[in-house]
């Protein structure tokens, strides 16, 4: 079974040990849109996901798309749940995982909170790309 599919099972079982067991001891994590969030190591994965499961005890993950290309697994995700304070949790995005020896050696995560009330496409284009006034 693909490692990403086992990761899906570990998330939905709320099992940080099973999750961390799927990554290499020297795992390398990057979030390219947030470079300061990069880290290394299985221990940090365990710490991070223990906090996720504590803060969102009903988290559920869903794979919208999944593909394997050689030793890389690509996935599109939806993560939903409820924070312990009762507020909703909802993230979407994609991951790319490098696999070797049945473990995730490196990951690039493109997961972001869903912004249901954010700018529409016209406002986003103006704010992000700042085209000259016409």
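This table checks each residue for (1) closer than 19 Å to residue 94 by Cα; (2) crowded, with 16+ Cβ neighbours inside 10 Å; (3) within 12 Å of the chain's Cα centre (by Cα).
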| position | (1), (2), (3) |
| --- | --- |
| 5 | yes, no, no |
| 17 | no, no, no |
| 34 | yes, no, no |
| 40 | no, no, no |
| 56 | no, yes, no |
| 72 | yes, no, no |
| 76 | yes, no, yes |
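Do you know which residues across segment 19-29 are buried (at least 16 other Cβ atoms within 10 Å of the Cβ) and part of a loop (DSSP other than H, G, I, E, B)?
The one that is buried (at least 16 other Cβ atoms within 10 Å of the Cβ) and part of a loop (DSSP other than H, G, I, E, B): 22.
Go through the residues of segment 97-108 one by one and say whether even a single one is out of contact with any strand residue (DSSP E or B) (no Cβ under 8 Å at 6 or more places or on another chain), touching a residue at least 12 places away in the same chain (Cβ under 8 Å) and closer than 24 Å to residue 51 by Cβ.
no
Inspect all residues belonging to segment 30-38 and state whether any of them is closer than 19 Å to residue 59 by Cα, touching a residue at least 24 places away in the same chain (Cβ under 8 Å) and not in a loop (DSSP other than H, G, I, E, B).
No, segment 30-38 has no match at all.
Quick one: count up the residues across segment 42-53 that are exposed (fewer than 14 other Cβ atoms within 10 Å of the Cβ) and closer than 20 Å to residue 92 by Cα.
Number of matching residues: 1.
Determine whether segment 116-128 contains at least one residue that is within 21 Å of residue 6 (Cβ to Cβ) and part of a loop (DSSP other than H, G, I, E, B).
no
The numbers here are math on the coordinates, done by the rules we state, and not lab data. All figures in this text were calculated on a predicted structure; none of them were measured in a lab. Using ideal geometry, Cβ is built from the backbone for each residue, glycine included, and neighbour counts are taken over all protein chains shown.
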